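Report on one structure; see the data block that follows.
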Amino acid sequence: MKKIITLAILFFSFVSVAQIKVIETVPVEKLGKVNNNYIQKIGDEYTVYYTSIVSDDDDTSSLRKFSFKNVNNDYAGLYSIIMNGFNATPLYDIKLELPNNYIWLHYTGNTLPDKATVQFMVSSKDPSSGASSVSEPFVKDQINKLFQK
């Protein structure tokens, strides 16, 4: 009986100091992709990765991102805002506020709606970082592909 109790104590002490724990993870979904630009979803957070053509910081990487949680269906809302901007006459910039960034949707184009483009002009809310960047231009079809619509 003493041996069984001793073995049980050793077993429980071994289990209680285990170093490896299994942590629940959330799957990463890569949504639409256009060139090197893509949208990634982790849980209820969406991250838009875009190639920067202009940036203020010293980082040599040209891939930038901005993120937001899908509260009140914000993912579909962002898509609608971008698409409605293509139909505005005249084209004008739209300023958005995200938790960590300000984003200007900068529209350019000519009289043909299919030739209009939008760029993400992103700046950080943190004044000490002062980082800002500008995406490559996207046409309407590329936005549809990026947002999987």
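Where a number appears in this text, it was derived from the coordinates with a stated rule and is not lab data. Computed from a predicted model, the values in this text were never measured in an experiment. So basically every Cβ, Gly included, is an ideal-geometry build from the backbone, and we count neighbours across all protein chains shown.
For the reader, a short list of remarks on this structure follows.
- Ordering of 65-73, 40-48 by packing is 40-48, 65-73, highest average first (other Cβ atoms within 10 Å, averaged per residue).
- Here the Karplus curve 6.51 cos²θ - 1.76 cosθ + 1.60, taken at θ = phi - 60°, turns the phi angles of region 89-94 into couplings of 10, x, 5, 9, 6, 10 Hz, with x standing for Gly and Pro.
- With the simple spin-label model, which puts each label point 7 Å out from Cα in the Cβ direction, the LYS69 to GLN19 separation comes to 3.5 nm.
- Database remark: amide H of GLU136 closer than 5 angstrom to the amide H of THR51, ILE53 (H placed geometrically; neighbours at sequence offset of 5 or more, or on other chains; Pro and chain starts carry no H).
- Under-5 Å amide H pairs with ASP93, H placed in peptide plane, nonlocal only: TYR107
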